[in-house]
Every structure is written in C-alpha cells, then in structure tokens.
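Just below is one structure, and these are the notes that go with it.
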Protein chains: 2
Amino acid sequence: MKKVNSDVAYDYIRKKIISGEYAPGNPLMTESLSSEIKVSRTPVREALYKLKGEGLVSISPRLGASVKKMDVKEFRETCELRLALEGHAAGLAAVNHSQADLREIRFALEAMRELTERIIAGKDETNFIDDLVREDVRFHVGIMTAANNDLMKREILRLNMVNRLMIGPLNIRQPAKTKAETDENRRRVLASHEEIYEAIARGDAGAAREAMEQHIQDIVEKTLHLISGSGRSETRQLSEEELAYSG
Amino acid sequence: MKKVNSDVAYDYIRKKIISGEYAPGNPLMTESLSSEIKVSRTPVREALYKLKGEGLVSISPRLGASVKKMDVKEFRETCELRLALEGHAAGLAAVNHSQADLREIRFALEAMRELTERIIAGKDETNFIDDLVREDVRFHVGIMTAANNDLMKREILRLNMVNRLMIGPLNIRQPAKTKAETDENRRRVLASHEEIYEAIARGDAGAAREAMEQHIQDIVEKTLHLISGSGRSETRQLSEEELAYSG
DNA sequence: AAGAGCTGTTATGTATACAAGTGCATCCTA
DNA sequence: TAGGATGCACTTGTATACATAACAGCTCTT
C-alpha cells in the first residue's frame, strides 16, 4: 500500500482534529487546507470524505466540510453503542480469550492496582496519572483483542475516538473535586476492572458482560454529569446563529 | 440539501451493488463509470469514497476500487456485531418503547403469524413469502425504532446491508429442503418473534435481549450452514492471486 | 522452454481551470 | 432609518489535462 497525497492530507487533518487544534464546528476549507498541506484540492477533498466515513467530519453539499460537532443526543447514542459493543466484547472475551490475552489483561490490571495505590498514597500525582490512563486503555484494548473480533475492536476504538471530540473540549474546566472523591472514584474503577477480569478469567460470559456494561455506564454517567455540570448541555442546544450572536 | 453529481453517481453505483448487478469483487473503474453515468471522474471518485465509508466498496491506492468482497471471517464478525447491536436494541426497546412503537411491532407480528399459517396450510406460496419477508423486516425495524437510538438503528441497517453482499450471491443455489423442514423453520422464527415481543411488551429488557440474541444466532447459524453447504467457505479463503489463477 | 526484462497500454492520482452557488456588504428605495 | 435588491468575493463542484504507477504481452536470454 503506497502512500499517496490523499493519505498525507488525511493523516494531517485527522491529527489536527484529534489533537483538538481543529475544534468541533471548525470549517475545513479545501483551499486553505490544500495550501497548508501543499497538495491540491483534489486529495484534500478525498481525505475529507474518508474522515466523514469515520465520523470525524461532516460535509454538506455547497456548504463545505467542518469538524463534526456533537449534540448531547448524539453523544448519548454513541455511548449507548459503545456500551453495547464493549459489553458484548467482554462476553466474547470470556469465551474466546487465549492465555496470552488473559496475561495482557491481568498485567494491565495489576499495573493499575499498583498505580492507584500510589496515587491514593499521595506523592506526586501527575506522572502516575498519565500511566494510569495508559494502563486503563491497555486493559480495555486487551479485552477487545481477546474477544477475537477485529471488526468489533475497530468499531469500539472508532466510537471512543469520536466521543473524544465531545469530551475533549470539556477537559479544560473540570469542576474541582476533593481528593477524597477522586480517590473513591479510582477505587471504584479499579474494583470494576477486577470484577470484569475475574469474570473473563473464569469464562463467565454473562458476568463479564454485565460487569463491563456497569463499568461503562458509570463512566458515561460521570461524563454526562460533567457535561451538564459545565453548563454545556444547554449551550450546545443553541443554534449556529445564536452562538454567533453571543460571540 | 441540493443534489449534486457526486450524489447521482453515489445513488447509481449503490443501487447496482445492492441489486447484485455489480457482484462482489467486481472492479469499479472511474472511467467507465463516469462515461456510463455521464458525469466526470471526479464525482465518481467521491461517490466511491462515500461507498467505502459504508463498507460496500473497497479501495486500494493505485489498484482502484471494487465491490467489497467478504471472507467468512469478516462475515462472522459482522454477524457478531449485528447480534450485539440488535440484542441491545431489543433491550432498549423494552424500556423505551412508546405505545405507537409497540403497536407497530405487534401488527408486524400478527401479520407474520397469519401469513405463516397460510403458507404452512399450503396453497400458492410465492406471493405470501414476499409479504412474510416484508413483515419480518417491519418487525425488526420496529424494534430498532422503539429502542430510540437513531445511530444504533442506522448501524444495524448498515450491517444488514453489508451482509447481503455475502448472502446475496448464495440465493441462487440453496440446497433443497423438504416442506416439513421449512415449515418447522417458519414456526421457530414465529415463536422467536413472539417471545421477543412479549418480553418487550412487559418491559423485560434482559429477556428481550436474550430472546433477540437467540433469534439472531439462529439466523446466523442457518446462514453459515448454507455457506459451507454450498462449498463456499473454502473457495473464499483463496487469495486474489489464487483466484486469478483458477480463472 | 522458462523466466527476466522491456515497452505500450490503461487506469489511477493530482493539479488546475472553469462553472455555479452562497453569503455578505453595499447601496438603493420607501 | 429599515427593508430589500444587487453585485461582489469566495468557496465548492465539476471537467479535464497531465504525470505516474500497474499490467499485459512481447522479446530476448539462458
């Protein structure tokens, strides 16, 4: 598979969207992009169509392309999809996992356990938190892999990525929480992961699915709470014109 | 939303793929398509990218586009996805359904019951079978709608469409079955539908999901059996080059 | 005779010119 | 001054020309 210009444009735009440099709603004009990437408009357009297929970009005829902007309804629907798929994947993982898969999941779990303890213990959080997130991802990816369904894995990862478009802009102003609250939260997450792992390890598909669904549900609810907490659910309901008015 | 040439090309190609006129593996050359549709190559290319996003077309750089060809692995993975989503949707439908939703589902079910009885009774199958299929679809669509998640509905419909690419070519040589067998089969399908409906009607999400999962599993197994029965599972494992050799 | 290399053909990838639609600012009118 | 018409600038959509990679058929060599 040789790399052609449309792939270059694709990678370029995709990266900027994911990193947040191009925020949701940001118009993506073929001309400026083409001069920025130094390819012609044709491969840029093709890149935009590919990104549309992934759900990162929306295109409407004659009005051009823009970074996909999610409303709360769509966000919830995406979360529900993710819940369904990741829950099912956990069930499949319980049945289909290889020993190597299980090992990978266990390692991620153990790393998380240790990191969680250290963070709760208290000294120098920041570094460990990045590590914790990484291990969290490793845990979830491990399960998707163990489920032995590439299509499902790709789809879950895609949904996650799309969701980040919604969550990403929120990170800036998370409502402050007490350390006790976040610690309690971390313990809950860890406990969920342990429950999921146990179910998978003993091959109990039903329990694995239920535990995973509960886990995702927790995460989603926390996020939805964040959204309404930051007063965003209402703001997002505003139409284009209304938003323009306030600016 | 005005209709532009790339939409024309999109509709044209999509229709031909779904109808089977362009069979899986069929190369889709921009030049011939453009002269056929009477638009230039540019909108044709864009149409192909859109179709790729839907999973109906595969494109590889410099080698061009072709109608998506599924191997057994991918088919099974798609079915698993569909199982997960449609099962979950049934669960949601049990919780979220409106009275109108329920009515629609019940009507489809009742129509199917009557048609099944008539078909089993015996006179002039053909017409009724088309009707039966239509009501079957109506039943499933009704549940997706009742789940109140547009994204999920669209995704399930898309998966179904993609699956047809695999199943479609098979229809030609279905191994003959005795009428007793097909009748028994129809009764099973109807019983499944009734079970699903009852669970949804009484708001039992768990039961609705399980019944739906079982139902889809039945369908999938039947189809997979058909595939191996027609000696296709082995053929499809062959690589491009091997296939080219035999031709 | 088999295989490597060459060459012409064909289809794709890309750039660019042109057409056409959209939105905005300006200007005119009541 | 408010409302609407008009024209302009800009962007997208489309056609097309050109560059380049893949492929097929041929020849030449071993």
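The values are calculated or read from the model by the stated rules, or taken from the named source; none is laboratory data. Since the model is a prediction, treat every value here as computed from it, not as a measurement. Glycine also receives a Cβ, built like all others from the backbone with ideal geometry; neighbour counts cover every protein chain displayed. Areas reflect the complete protein model, heavy atoms only, side chains present, ligands, DNA and RNA absent. Shrake-Rupley method; radii C 1.70, N 1.55, O 1.52, S 1.80 Å.
So which GluC sites (Glu not before Pro) in region A:7-94 pass both tests, a DSSP loop state and at most 12 other Cβ atoms within 10 Å of the Cβ? Walk me through the numbers before you get to the answer.
On the way: sites: A:E21, A:E31, A:E36, A:E46, A:E54, A:E74, A:E77, A:E80, A:E86; in loops: A:E21.
Taking region A:7-94 and a limit of 12 other Cβ atoms within 10 Å, the loop GluC sites (Glu not before Pro) found are A:E21.
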Original post:
Hey, what angle do you get for helix B:72-96 against the long axis of chain B, alpha-carbon based, 0 to 90 degrees rounded to 10?
Top reply: 40 degrees
Original post:
On the accessible surface of the protein assembly as shown, probed at 1.4 Å, how many percent belong to carbon and sulfur atoms?
Top reply: 51 percent
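What full-extension length gain, to one decimal in nm, is calculated for B:E221 and B:S40 as 0.36 nm per residue of separation minus the Cα-Cα distance?
Values: separation 181, 0.36 × 181 = 65.16 nm, distance 4.41 nm.
In short, 60.8 nm is gained.
With all protein chains present and a 1.4 Å probe, how do B:V189, A:V95 order by accessible area, largest first?
On the way: B:V189 30, A:V95 100 Å².
So the residues, ranked largest to smallest area, are A:V95, B:V189.
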Original post:
Summing -39500 (n - 2.57) over the DSSP H runs of n ≥ 4 in chain B and dividing by its residue number, what mean residue ellipticity at 222 nm do you reach, to the nearest 500 deg cm²/dmol?
Top reply: -25000 deg cm²/dmol
Original post:
If you find the alpha carbon centre of region B:201-216 and of region A:67-131, how far apart are they in angstrom?
Top reply: 27 Å
Subject >> Nearest-first distances (nm) between copies at B:V4, label 7 Å from Cα via Cβ >> reply: 1.9
Original post:
Dividing the alpha-carbon Rg of region B:1-88 by 2.2 N^0.38 Å yields what?
Top reply: 1.20
**OP:** Evaluate E = 1/(1 + (r/R0)^6) for B:I18 and B:R188, where r is the Cβ-Cβ distance and R0 equals 30 Å; express this FRET efficiency to the nearest 0.05.
**Re:** 0.60
Subject >> P(r) of the protein assembly as shown over all Cα-Cα pairs, binned every 20 Å from zero, in whole percent >> reply: 19, 52, 27, 2, 0
Subject >> A:G25 long-range amide H proximity, modeled H, under 5 Å >> reply: A:V67, A:K68, A:K69
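Kirkwood hydrodynamic radius of chain A from all distinct Cα pairs, in Å? Spell out each step's value before the answer.
On the way: mean 1/r = 0.0500 Å⁻¹.
Computed over chain A, the radius equals 20.0 Å.
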Original post:
What is the helix-to-structure angle for A:41-54, meaning the angle in degrees between its Cα long axis and the longest Cα principal axis of chain A, kept from 0 to 90 and rounded to the nearest 10?
Top reply: 30 degrees
**OP:** Starting from 0 in steps of 5 Å, tell me what percent of the Cα-Cα pairs of region A:42-109 lands in each bin.
**Re:** 4, 13, 13, 15, 11, 11, 13, 11, 6, 3, 0
Original post:
For the pairing of chain B with chain A, what total accessible surface becomes buried, with a 1.4 angstrom probe, in square angstrom to the nearest 100?
Top reply: 2800 Å²
Original post:
How many nanometers, to one decimal and shortest first, lie between the label point of B:N127 and those of its other copies, if labels sit 7 Å from Cα toward Cβ?
Top reply: 8.0
Original post:
How far apart are the A:R41 label points across copies, placing each 7 Å from Cα toward Cβ, in nm, shortest first?
Top reply: 1.8
Subject >> Options A:H88, A:M144, A:I156, ranked by Cα towards positive dipole end of region A:72-234, top entry (Cβ charges) >> reply: A:I156
**OP:** Please determine, in degrees from 0 to 90 and to the nearest 10, the orientation of helix A:125-146 with respect to the longest principal axis defined by the Cα atoms of chain A, where the helix direction is its Cα long axis.
**Re:** 90 degrees
**OP:** From largest accessible area down, sort A:V220, A:V141; use a 1.4 Å probe on the protein chains.
**Re:** A:V141, A:V220
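Leaving ligands and nucleic acids out of the surface, order A:V133, B:V162 by accessible area at 1.4 Å, largest first.
Values: A:V133 80, B:V162 10 Å².
The ranking, largest first, comes out as A:V133, B:V162.
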Original post:
Residues of chain B: accessible area per residue at 1.4 Å, in Å²?
Top reply: 53 Å²
